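This report refers to the structure that appears directly beneath it.
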Amino acid sequence: MKSIIILIFILIQSPFIFASEDIYLEKAPIDLSDQPSLQKGARTFINYCLNCHSAKYMRYNKLLDIGLSKKDIKDNLLFTGKKIGDPMEISMPVAESKKWFGAAPPDLSVVARSRGSDWIYSYMKGFYRDSSREIGWNNIVYVNSAMPHILWELQGEKELDQKTGKLSLIKAGKLNEKEYDSVITDLTNFITYMSEPGQLKRKKMGFYVVGFLLLLLVLTIKLKKEFWKDIK
Ligand code: HEC
């Protein structure tokens with residue numbers, strides 16, 4: 001009995017124990033059915049992230065699925081020398097990037113599944129100036145991350161208040177906070193889509209299946225009533 005009580009106590013306690021160690025993640029307000037948002041996210045991703053990261057399980061022609069045209073992809077999004085059926089790879093050799101950053105930028109194809117969309121959203125909003133680090137930046141979500149703040153020109157520069165743990169703007173960027181949040185929402189939306197391009201179809205399929213089962217249930221109940229109507 002005693003051990004059961006202890007077990008229950010641990011089970012109830014543990015989420016809070018973890019919670020106190022965990023960093024606070026903001027909920028990413030993404031919508032996978034929002035095609036314009038996915039398109040904007042794809043543009044940001046290709047322009048800013050593919051320089052260091054690859055997304056080798058994603059092919060350029062998959063962008064047709066989110067409503068971009070072949071011409072648009074070819075004219076604006078393909079790196080020189082790439083074909084539309086090519087995977088999103090980078091030319092920077094891993095050894096080079098390790099030398100520059102101290103850590104190789106990981107492939108981002110499925111990062112939304114390993115880290116979660118909220119993590120990515122909060123990470124992209126979590127950069128701040130840190131003069132004690134060689135790269136000049138740090139991150140509240142991923143402490144001592146080897147990645148510098150790539151979008152600082154857009155967001156501006158932030159500073160960490162050690163007491164409150166909150167970030168505040170010290171130098172304005174090209175975008176205001178709302179505009180930057182919207183860029184990061186679209187980017188996170190696209191990265192989430194990329195981690196499982198089939199999920200839109202799968203979810204739709206799920207609705208059909210559930211709908212069909214409900215219909216079947218109604219028919220079955222009707223049929224049962226019909227069968228038993230004369231007996232009794
Ligand atoms: C200048 C090179 C560079 C660019 C450009 C860059 N990153 Fe990174 N990124 C890195 C490095 C290096 C790491 C590894 C950090 C570490 O492990 O300390 C990283 C790590 C990450 C991670 C964490 C992955 C994980 O699971 O550990 C995410 C997410 C990420 N980057 C997203 C992005 C996004 C989104 C963009 C585009 C807006 C971007 N990065 C652009 C260098 C870059």
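Pairs of Cα atoms nearer than 8 Å and 6+ residues apart set the relative contact order; for the range 2-197 it is 28 percent. Between ALA42, ALA172, ALA146, the residue with the greatest mean-square fluctuation in the GNM of the chain (Cα pairs under 10 Å linked by springs) is ALA172. The portion of the accessible surface of the range 59-122 made up by carbon and sulfur, rounded to a whole percent, is 52 (1.4 Å probe; DNA, RNA and ligands excluded). With the charge dipole of the chain set up from +1 on Lys and Arg Cβ and -1 on Asp and Glu Cβ about the Cα centre, the Cα lying farthest toward the positive end among the listed residues SER131, PRO29, THR164 is that of PRO29.
Before rounding to the nearest 500, sum -39500 (n - 2.57) across all DSSP H runs of length at least 4 in the chain and divide by the residue total; then give [θ] at 222 nm in deg cm²/dmol. Intermediate values should be presented prior to the final figure.
On the way: 8 runs with 103 residues, N = 232.
Taking each H run of at least 4 residues, the total per residue is -14000 deg cm²/dmol.
Measuring spread by the Cα atoms of the chain yields a radius of gyration and Dmax of 24.0, 85 Å. Rounded to the nearest 20, the size of the Cβ-charge dipole of the range 2-197 about its Cα centre is 340 debye, with Lys and Arg at +1 and Asp and Glu at -1.
The alpha carbon gyration tensor of the range 27-135 gives principal lengths a ≥ b ≥ c with a/c of 1.5 or higher and a/b no greater than b/c, which makes the shape oblate. Relative to the current alpha-carbon distance between GLN162 and TRP228, full extension at 0.36 nm per residue lengthens the span by 16.4 nm.
Compare LEU216, LEU25, LEU78 in a GNM of the chain, Cα atoms joined below 10 Å, and give the one with the largest fluctuation. Of LEU216, LEU25, LEU78, the Gaussian network model singles out LEU216 as fluctuating most.
By the gyration tensor of its Cα atoms, with a ≥ b ≥ c the square roots of the eigenvalues, what is the shape of the range 55-105: rounded for a/c under 1.5, prolate for a/b over b/c, or oblate? Don't skip to the end; give the middle numbers.
On the way: a/c = 3.21, a/b = 2.46, b/c = 1.30.
Verdict is prolate for the range 55-105.
About its Cα centre, the range 88-232 has a charge dipole of approximately 980 debye under the convention of +1 per Lys or Arg Cβ and -1 per Asp or Glu Cβ, with nothing else charged. For the range 151-232, the solvent-accessible area of protein heavy atoms averages 77 Å² per residue (probe radius 1.4 Å; ligands and nucleic acids excluded).
Between the residues VAL218, SER145, LEU50, the greatest Cα displacement towards the positive end of the dipole of the chain, with unit charges on the Cβ of Lys, Arg, Asp and Glu, is found for VAL218. For VAL209 and SER182, a Förster radius of 35 Å and the Cβ-Cβ distance give a FRET efficiency of 0.55, rounded to the nearest 0.05.
For the listed residue pairs LYS40/LYS158; LYS27/LYS74; LYS62/LYS178; LYS82/LYS178; LYS71/LYS98; LYS56/LYS99, the alpha carbons are over 31 angstrom apart in LYS27/LYS74; LYS82/LYS178; LYS71/LYS98.
Taking the 1.4 Å solvent-accessible surface of the range 145-211 as the whole, the part contributed by carbon and sulfur is 59%.
Computed over the chain with a Gaussian network model linking Cα atoms closer than 10 Å, the most mobile of SER131, SER37, SER109 is SER131. Taken along its principal axes, the alpha carbon cloud of the range 29-79 reaches lengths of 26, 25, 18 Å, longest axis first.
The values are calculated or read from the model by the stated rules, or taken from the named source; none is laboratory data. Just so it is clear, the model here is predicted, and its values are computed rather than measured. Glycine also receives a Cβ, built like all others from the backbone with ideal geometry; neighbour counts cover every protein chain displayed. The protein model used for the area step is the full one, side chains on, heavy atoms only, and it has no ligands, DNA or RNA in it. Shrake-Rupley method; radii C 1.70, N 1.55, O 1.52, S 1.80 Å.
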